[in-house]
Amino acid sequence: MYLAFSPMRSDSQLTVARDGDVLVVNDMRLDFTGVTEDAPLDTADIGCEWLVGPVARHDGVLHIALILPHGMNAPKETLYPEPIAVSGNGPITLPPYASFAAKPGEQEPS
């Protein structure tokens, strides 16, 4: 599975996990087993606000583009995210939502 990202400022956060050809986006299971090389799936047919662009399969690999929400002080790696290849099942580590620069007297959140 190949994930690309479109960063967007948002107060919402995103969790993503993989289970074979199923992508779990914030607890919504999206089953892409029916996506074939010659039949991409349009975003409008999926009904998930986090997807941008069609879901397609190229050389057997699913290609999916997701909105990547970020906070006001997001780091460069989140504002300009690299696509990632996901080979295993389980939670997918996304670029950080925000950076935290402590002001004098403040502690970094735990």
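Here the Karplus relation 6.51 cos²θ - 1.76 cosθ + 1.60, evaluated at θ = phi - 60°, turns the backbone of region 5-21 into coupling constants of 10, 10, x, 8, 5, 7, 7, 6, 10, 10, 10, 9, 9, 10, 9, x, 8 Hz, with x for every Gly and Pro. One decimal place: the segment ASP19-ASP59 gains 12.5 nm when fully extended, by the rule 0.36 nm per residue minus the C-alpha distance. Amide hydrogen proximity for LEU62: with H placed 1.01 Å from N in the peptide plane, the residues at 5 or more positions away or on another chain lying under 5 Å are TYR2. Counting only Cα atoms, the size of the chain along its three principal axes is 57, 26, 23 Å, in decreasing order. Measuring nothing but how far apart in sequence close Cα pairs (under 8 Å, 6+ apart) lie, relative to its length, region 19-73 scores a relative contact order of 25 percent.
Considering only protein heavy atoms and a probe of 1.4 Å, how much of the accessible area of the chain is carbon and sulfur, as a whole percent?
Values: 3500 of 6790 Å².
Within the chain, the accessible surface is 51 percent carbon and sulfur.
Taking 0.36 nm per residue of separation and subtracting the Cα-Cα distance, what length does fully extending VAL52 through MET28 add? Display every interim value, and only then the final one.
Values: separation 24, 0.36 × 24 = 8.64 nm, distance 1.57 nm.
Extra length from VAL52 to MET28 when fully extended: 7.1 nm.
Annotation: amide H-H contacts under 5 Å for VAL22 (H modelled 1.01 Å from N, sequence separation of 5 or more, or interchain): PHE32. If we count every other residue with Cβ under 14 angstrom of PHE32's Cβ, Lys/Arg +1 and Asp/Glu -1, where does the sum land? Cβ neighbours under 14 Å give a net charge of -3.
Overall, the chain carries a charge dipole of about 380 debye about its Cα centre when +1 sits on the Cβ of Lys and Arg and -1 on the Cβ of Asp and Glu, all other atoms neutral.
Measuring with a 1.4 Å probe in the full set of protein chains, what accessible area per residue, in whole Å², belongs to the chain?
Values: 6790 Å² over 110 residues.
That works out to 62 Å² per residue.
With runs of 4+ DSSP H residues as the only contributors, calculate the mean residue ellipticity of the chain at 222 nm using -39,500 (n - 2.57) per run, divided by the residue total and rounded to the nearest 500.
Details: 2 runs with 8 residues, N = 110.
Taken over the chain, the calculation gives -1000 deg cm²/dmol.
The values are calculated or read from the model by the stated rules, or taken from the named source; none is laboratory data. These numbers were taken from a predicted model, which means no experiment stands behind them. Counting neighbours? That spans all protein chains shown, and the Cβs are built from the backbone with ideal geometry, glycine included. Only protein heavy atoms, including side chains, enter the accessible area calculation; ligands, DNA and RNA are left aside. Shrake-Rupley method; radii C 1.70, N 1.55, O 1.52, S 1.80 Å.
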